[in-house]
Every structure is written in structure tokens, then in C-alpha cells.
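Here the structure comes first, spelled out in C-alpha cells, and everything after it is commentary.
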Amino acid sequence: MDVQAITKYARMSHQKVSEITRQIQGLSVARALDVLQFTPRKSARIVLKTLRSAVANAENNANLAADTLVVKEAVVGTGPTFKRWKASARGMAAPRLRRTCHVKIVVAEIARRTAGAAPARKPAAKSETKPVEAPKSEQK
């Protein structure tokens, strides 16, 4: 079962947050929390807050254990841009774009193998190779 959490209008550009979400995609929740806690960036704090919310949603709403969860999807989209102006030289004004983003994290339960499930894939059979002979030099 998939459970999600969304943080909207986070005051950071989506490029900066995307760098962090790429690192945690596919990791177990415990491993992703460790990665985010030791990443010294503001974007990591935003993603960490969203991931903790997704885990809480899974535990309280879907009755899933936190240690069986994996980060299935971590997506960042662009939000609205606040347009501001700053005084510039010679009586002009320079635009300042305050970018925002939306962070969506989806966690899912790790699929467990049952006794009747298909066995793991067997390794490929080794093919027999013959040693290559060195070419015979021409004799005169």
C-alpha cells in the first residue's frame, strides 16, 4: 500500500530540493532518515520533514510498521514564483524572483516473499570456452 505526504509552497527552488530527493529515492525509510539528518542543507530539512510526515501517515492511517517502509517515490515540482523588486543603481529597480516548490514523498511497504513465491533467478550457466591457440608463424 502506498502512503504519501506533500509539502506545498516550500520557500526554495525546485532545483535545490531535487538534488536531495534523488539521493533518497529507493532507500529504506531508516536509511533515508539517516542520509537527510546528516546532510547540512536547508533543502534536506524540508525533505526530512515531509518524509517524517509520510511515515506518520503510514503508521497512523494505514497501520504499517515504519521499519518495513521504503521510499518509493520522491518528486519535486515547481510552485508559484513571488515577484519582488529591489532598488538598483541609477534609480532603477532589479527584479527578484522568490521561487517555491512542492515536495511529494510516497512510501510503500517492502514486498515480502512467501513460501509459495517463485524462487530467485538462477545464475546463468557457464559456457565452456576453448583456449585460443597462438597463430603459427610461417617457416621458410
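Each reported figure results from applying straightforward, stated rules to the coordinates on display, with no laboratory input. Keep in mind it's a predicted model, so treat the numbers as computed, not measured. Note that each Cβ is placed from the backbone with ideal geometry, even for glycine, and that neighbours are counted across all protein chains shown.
Numbers below:
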| quantity | calculated |
| --- | --- |
| Neighbour-count ranking [beta-carbon atoms within 10 angstrom, fewest first] of ARG98, ARG90 | ARG90, ARG98 |
| Alpha carbon centroid spacing (whole Å) that separates the range 4-28 from the range 49-76 | 14 |
| Cα-projected label distance for ARG31 with LYS49, points at 7 Å along beta-carbon direction, nm | 2.7 |
| Sorted by Cβ density within 10 Å, fewest first, the residues ASP2, ASP67 | ASP67, ASP2 |
| Cα gyration tensor category, rounded, prolate or oblate, for the range 2-109 with a/c compared to 1.5 | prolate |
| Exposure proxy ranking, count of Cβ atoms within 10 Å, fewest first, for ILE6, ILE105 | ILE6, ILE105 |
| Loop-resident sites, the range 7-82, for trypsin sites (Lys or Arg not before Pro), counting at most 16 other Cβ within 10 Å (DSSP) | ARG11, ARG41 |
